[in-house]
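Reading through the structure tokens given below for one structure.
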Amino acid sequence: MAATALITAASTAVAADTFIARDHVSDGTFTTGIEGPATGPDGALYVVNIGKDGTIGRVDDTGKASLFLTLPEGSVGNGIRFGSDGTMYIADYPHHNILRVAPGSTRVSVFAHLPDAHQPNDIALAPDGTLYASDPNWAKVNDGQLWRIDRDGNVQLLESGMGTTNGIEVSPDGMRLYVNESVQRTVWVYDRADDGSLANKRLLIRFDDHGMDGMRCDVDGNLYIARYDAGVVAIVSPQGALLREVPLKGRKPSNVAFGGSDGRQVFVTLQDRGAVETFHADRPGREYGTAATATP
């Protein structure tokens with residue numbers, strides 16, 4: 001389905017201030033490697049690369065950002081996800097690891113190593129605790145990979161020879177996995193079995209211009225996709241219909257996450273600004289802070 005199709009109106013009444021972006025964290029607070037937003041069980045937003053690469057920042061509900069931790073030498077984070085017990089999982093792309101930080105701690109350990117990986121980049125957490133990781137090769141656009149990381153830390157390469165795999169997300173019921181390819185401007189959907197395996201890959205939507213980066217689902221399974229260089233967050237239904245686009249101040253959104261007291265606050269990291277913008281959606285995310293339900 002082409003993204004040039006008519007954008008339909010939301011099916012529910014939308015408050016006047018819904019889907020209107022505003023600044024949350026000011027310009028230059030994070031580096032151009034800003035990524036990985038995720039709301040922790042304390043309600044704070046965690047984002048990689050505050051001040052310098054290889055760090056993780058913590059942002060409170062007022063938008064005040066501070067250093068949370070520094071990763072081990074040579075490690076740089078990208079995607080972040082939280083288990084329901086508060087464990088933080090971080091994609092460390094230079095060392096090809098998934099890192100783990102225990103609740104109440106800033107000590108970083110290796111949860112899983114991805115042999116022969118290019119990165120990993122973004123990660124998604126299924127309701128049963130299985131992690132999935134996108135693995136693009138930016139030097140070779142048809143060499144992307146897709147990985148599964150089981151709850152015991154074992155890893156499996158699920159697919160190779162893909163495009164530039166980037167944003168990745170699981171549906172609220174855990175029965176679908178979504179993966180986008182930035183350069184190819186495609187979003188794929190797979191059926192996901194109880195054992196974490198994937199089948200029935202098919203195209204969900206293809207965009208005609210600009211790229212894509214991180215994405216998240218709301219509770220109804222709509223995908224919120226960071227449209228890199230387009231300056232919008234695109235909202236796509238589980239059937240592949242483009243429902244709306246939320247304009248941003250920045251042009252290069254790198255990822256999105258849900259949070260706030262009701263789970264309806266959407267946070268957007270902006271690479272060109274080193275900042276975070278935010279807007280309210282008309283429904284909560286499938287996971288946000290203490291609402292997360294999966295524990296690897």
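The values are calculated or read from the model by the stated rules, or taken from the named source; none is laboratory data. Every value quoted in this text rests on a predicted model; they were computed, and no experiment measured them. Glycine gets a Cβ as well: all are built from the backbone with ideal geometry, and neighbour counts include every protein chain shown. For the accessible areas, the whole protein counts, side chains as well, though only heavy atoms, and no ligand, DNA or RNA atoms are used. Shrake-Rupley method; radii C 1.70, N 1.55, O 1.52, S 1.80 Å.
Descriptive notes on the structure:
- Filter result for ILE98 (in contact (Cβ under 8 Å) with a residue 24 or more places away in the chain and farther than 29 Å from ASP23 by Cα): yes
- Any chance LEU203 is farther than 24 Å from PHE82 by Cα, assigned to a strand (DSSP E or B), in contact with a Gly (Cβ under 9 Å, 6 or more places away or on another chain) and open to solvent by 40 Å² or more (accessible area, probe 1.4 Å): yes
- Odd one out for ARG251, checked against (1) open to solvent by 60 Å² or more (accessible area, probe 1.4 Å); (2) in contact (Cβ under 8 Å) with a residue 40 or more places away in the chain: (2)
- Only one entry of GLY231, GLY153, GLY161 meets the criterion of being of a type outside the set (Val, Ile, Thr), touching a Leu at 6+ places or on another chain (Cβ under 9 Å) and on the phi > 0 side of the Ramachandran plot, and that entry is GLY231.
- Single residue of the range 121-149 satisfying the filter (acidic (Asp, Glu) and farther than 14 Å from GLN184 by Cα) that is most open to solvent (accessible area, probe 1.4 Å): ASP128
- Some residue of the range 119-127 being of a type in the set (S, T, N, Q) and in contact (Cβ under 8 Å) with a residue 12 or more places away in the chain: yes
- Residue match in the range 186-193 (condition: touching a Pro at 6+ places or on another chain (Cβ under 9 Å), outside any loop (DSSP other than H, G, I, E, B) and over 24 Å from LEU157 (Cβ atoms)): no
- Looking across the range 171-191, the residues that are surrounded by 24 or more Cβ atoms within 10 Å (Cβ to Cβ) and either in contact (Cβ under 8 Å) with a residue 60 or more places away in the chain or farther than 19 Å from PRO37 by Cβ (or both) come down to LEU177, VAL187.
- Residue count for the range 224-245 satisfying the condition of being closer than 15 Å to ASP213 by Cα and either open to solvent by less than 10 Å² (accessible area, probe 1.4 Å) or free of Cβ contacts under 8 Å to residues at least 24 places away in the same chain (or both): 12.
- Candidates VAL101, VAL110, VAL59, filtered to the one that is open to solvent by 10 Å² or more (accessible area, probe 1.4 Å), of a type in the set (A, V, I, L, M, F, W, C) and over 16 Å from the mean Cα position of the chain (by Cα): VAL110
- Inspection of the range 211-223 identifies no residue that is assigned to a strand (DSSP E or B), touching a Gly at 6+ places or on another chain (Cβ under 7 Å), over 28 Å from ILE149 (Cβ atoms) and touching a residue at least 60 places away in the same chain (Cβ under 8 Å).
- Selected residue (only one of LEU177, LEU125, LEU157 is more than 28 Å from LYS252 (Cβ to Cβ), modelled with pLDDT of 95 or more and of a type outside the set (S, T, N, Q)): LEU157
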